[in-house]
Amino acid sequence: MKLKNVAGTERTRIRVTDLAMFCIRGGGCRVAASLIKQHLASVRFGGDSAAPWTPHFDVVVIGGGHAGTEAAAAAARCGSRTLLLTHRVDTIGQMSCNPSFGGIGKGHLMREVDALDGLCSRICDQSGIHYKVLNRRKGPAVWGLRAQIDRKLYKQNMQKEILNTPLLTVQEGAVEDLILTEPEPEHTGKYRVSGVVLADGSTVYAESVVLTTGTFLRGMIVIGLEMHPAGRLGDQPSIGLAQTLEKLGFVVGRLKTGTPPRIAKESVNFSILNKQTPDNPSIPFSFINQTVWIKPEDQLPCYLTHTNPRVDEIVLENLHLNCHVKETTRGPRYCPSIESKVLRFPNRVHQVWLEPEGMDSDLIYPQGLSVTLPAELQEKMITCIRGLENAKMIQPGYGVQYDYMDPRQISPSLETRLVQRLFFAGQINGTTGYEEAAAQGVIAGINASLRVRHKPPFVISRTEGYIGVLIDDLTTLGTNEPYRMFTSRAEFRLSLRPDNADSRLTFRGYKEAGCVSQQRYERASWMKSSLEEGISMLKSIEFLSTKWKNLIPESSISSGKSLPLRALDVLKYEEVDMELLARAVPEPLKKYTQCRELAERLKIEATYESVLFHQQQEIKEVQRDEALQLPKDLDYLTLKDISLSYEVREKLHLSRPQTIGAASRIPGVTAAAIVNLLRFVKTTQQRQAAMNRVPKIDQQLRDTDRLEESQL
Ligand SMILES: Cc1cc2nc3c(=O)[nH]c(=O)nc-3n(C[C@H](O)[C@H](O)[C@H](O)COP(=O)(O)OP(=O)(O)OC[C@H]3O[C@@H](n4cnc5c(N)ncnc54)[C@H](O)[C@@H]3O)c2cc1C
């Protein structure tokens, strides 16, 4: 096991005497020595060099994937001494499947992670090789920033970032077990986690632990009829930890996903295929970047080809040789294997995008061709596709099946309800995708750190961000197939846009969580005040429409009837942008064109001005429901004084919604049940308020008595 203390932070050590722990390991519970007498964090390296010392951190994160890197960096940014424990340092930031980040819905998540000062967007701006905004023909609220990423470069840049993060230590090792102590009485939960046990038997203590183990829990790789244990190709699975979680009583499910074969670049006939060029200019993912690291003309193209009936035949003729497809485990609906596509949509042609794996990579990733047929049949299938007639397969596609934890067992802060201070983030919660993992990682890291400092949790609601939608869907509805983000999952998508993620989240991240740097905070503040100033300026400039038509002849403003129009209304015309407007009214509008991002954001604000007014009213209504908190310790199964069917009670018991709003989103929880719950909550609150008043009234009476006595 290698130990890296790259940031050079001081290592706090604890004396493992007087320690109460019970460790769920292999065969059951092992109750160790004695009771904790001192708060672990307060015990520092002492003078007795013979005593056994164990490392102790505020936050320990398990797993160096997309959730783990964000969680570890976020906890460290929040000021917690953090340890990232992962199988291998050289796989930190590894992209297990597609060489791309972002897309529809996923791009929104990245902007929100970035607004909280997360890593993936900045790393993508340093590692992309083909930047493109998807959904351009639709409104900017649903544009999907996406980029092909150089795998090697992404990993390198991510490792550089992680290994240079202050307060963050990185250590290689396989975590097998959790160390548990008695729960804190003021919180719900059966246990409290206080550390982890590694495969070599060593221990690390922690105030909070974040698990981000991806597809590794009892991971099984499948190609054809062959199955063998692995977290992903070339990586060991995580068995001990999976057993620990099951023994603790977590509800565990099984999911599957898969990856396509990789093809030698020089064996593809690109000349006969449709070429897709990148956008010019490239739009960066991060709010703090004006440009990406590479010019559009130096970026690499992608190519499009299609499947054909021969591909279907090969799949259908060989189903008996394909145990991944026969398994009942659920796979991703929105990124399915070619086998599922052929079975679900017979006689259709499917797109296959040929994507570069890196600037100097010899490999091509055929997106859309995820397959688990035996290797020789995969090659046969590839070579019957146009442009791939002579393609050489370098690595076969494969499937992976793994354990995930029912996400209804975690709260919106991502802390588990069963084990206090234990957080889950990423694919372990049933999601699929780097962006979904990163989004959960940043929230888990922040909350793991806040929990150590006894601060209230940092929760994003559905009205504030796609991250809120993702976490609310998972924690209230659960999932029985790999969950992927889409814009259609967000009911307030005109407000939750990629362009305004900073104004929604950066200030909260800075003030409530402390995870945002001063530089980013200042940039977001400048943008906010510039936008406010710009919008009020645009509202204040008003001419008749005939004058506007004269000033901007290329606009489609009608010159018929002359009506007063504000500059903000003129900016709503599709063909009018800030440049055109500032050319018409240079004073005072020219200064708003100096910053590209500001000019674009003013245009977007103008576009949505009228519809946003109505959406803001709806958001306020939802926020009212969200403000009605349900008591955390309600036992729905036995609760008296409330009329609820047993089915509804069971659903509430399983999901444990925190607010009336969350309860109303659980399928099967009827409108009548919500009304009854509302009445119950209000009566309980009134009773509680009355109880709280009694001592005060008592005290006031006693004070009055005393005053009267003294005046006698
Ligand atoms: C074969 C395959 C195909 C995929 N296909 C797609 C796809 O088509 N589309 C899509 O969106 N997503 C796909 N994914 C999923 C995508 O890779 C994940 O969603 C994303 O990587 C999840 O991030 P994560 O951080 O949760 O886990 P991962 O990125 O898997 O990282 C987990 C990390 O935890 C470490 N770890 C695990 N257990 C332990 C332990 N006990 N001790 C120490 N370290 C541990 C691992 O070494 C690893 O570093 C695929 C994944 C695989 C493996």
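The values are calculated or read from the model by the stated rules, or taken from the named source; none is laboratory data. None of the values given here were measured: they were computed from a predicted structure. Cβ coordinates were reconstructed from backbone atoms using ideal geometry, including for glycine residues, and neighbour counts include every protein chain displayed. Heavy atoms of the whole protein, side chains included, go into the accessibility calculation; ligands, DNA and RNA do not. Shrake-Rupley method; radii C 1.70, N 1.55, O 1.52, S 1.80 Å.
Worth a mention:
- Checking Thr91 against (1) touching a helix residue (DSSP H, G or I) at 6+ places or on another chain (Cβ under 7 Å); (2) closer than 22 Å to Glu355 by Cα, the condition it does not meet: (1)
- Elements of type strands (runs of 3 or more DSSP E) in region 245-317, at least 1 residues being in contact with a Cys (Cβ under 6 Å, 6 or more places away or on another chain): 252-259, 274-276
- Residues of region 432-459 that turn out to be more than 11 Å from the ligand (Cβ to nearest atom) and among the charged types (D, E, K, R), as a count: 3
- Qualifying residue in region 280-299 (condition: open to solvent by less than 20 Å² (accessible area, probe 1.4 Å) and out of contact with any Ser or Thr (no Cβ under 9 Å at 6 or more places or on another chain)): no
- Among all residues of region 182-201, there is at least one that is crowded, with 24+ Cβ neighbours inside 10 Å and away from the ligand (no atom under 16 Å from the Cβ).
- Output for region 252-275, where each listed residue is within 16 Å of the ligand (Cβ to nearest atom) and open to solvent by 60 Å² or more (accessible area, probe 1.4 Å): Arg254
- Filtering Gly214, Gly249, Gly234, Gly224 for residues that are surrounded by fewer than 24 Cβ atoms within 10 Å (Cβ to Cβ) and either at pLDDT 95 or above or near the ligand (Cβ under 8 Å from one of its atoms) (or both) leaves a single hit, Gly249.
- Boolean, Arg386 is more than 16 Å from the ligand (Cβ to nearest atom), touching a residue at least 24 places away in the same chain (Cβ under 8 Å) and part of a loop (DSSP other than H, G, I, E, B): yes
- When region 73-102 is filtered for residues that are more than 11 Å from the ligand (Cβ to nearest atom) and among the aliphatic types (A, V, I, L, M), the ones remaining, listed by number, are Ala73, Ala74, Ala75, Ala76, Leu83.
- For region 163-181, residues that are within 11 Å of the ligand (Cβ to nearest atom) and buried (at least 23 other Cβ atoms within 10 Å of the Cβ) total 2.
- With respect to the conditions (1) at pLDDT 95 or above; (2) open to solvent by less than 50 Å² (accessible area, probe 1.4 Å), Cys97 lacks only one, and its number is (1).
- Residues of region 59-72 satisfying the condition of being over 12 Å from Cys120 (Cα atoms) and within 6 Å of the ligand (Cβ to nearest atom): Ile62, Gly63, Gly64
- Residue match in region 561-568 (condition: farther than 30 Å from Ile460 by Cα and of a type in the set (D, E, K, R)): yes
- Restricting the search to helices (runs of 4 or more DSSP H) fully inside region 457-573 and requiring at least 1 residues that are within 30 Å of Lys256 (Cβ to Cβ) gives 466-472.
- Test: residue in region 572-579 that is touching a residue at least 24 places away in the same chain (Cβ under 8 Å), closer than 24 Å to Thr291 by Cβ and buried (at least 18 other Cβ atoms within 10 Å of the Cβ): yes
- Check on Lys572, farther than 26 Å from Lys528 by Cβ and among the basic types (Lys, Arg): no
- Close pairs from region 152-174: first more than 17 Å from Gly63 (Cα to Cα), partner away from the ligand (no atom under 16 Å from the Cβ), Cβ under 6 Å, at least 6 apart: Lys152/Gly358; Asn157/Gln126; Pro166/Ala7; Leu167/Thr9; Leu167/Ala76; Leu167/Arg81
- Residue satisfying all of: in region 489-524; of a type outside the set (Asp, Glu) and more than 23 Å from Val459 (Cβ to Cβ); surrounded by the fewest Cβ atoms within 10 Å (Cβ to Cβ) among these: Gln518
- Positions within region 392-431 being surrounded by fewer than 24 Cβ atoms within 10 Å (Cβ to Cβ), closer than 19 Å to Tyr466 by Cα and within 11 Å of the ligand (Cβ to nearest atom), in sequence order: Gly430
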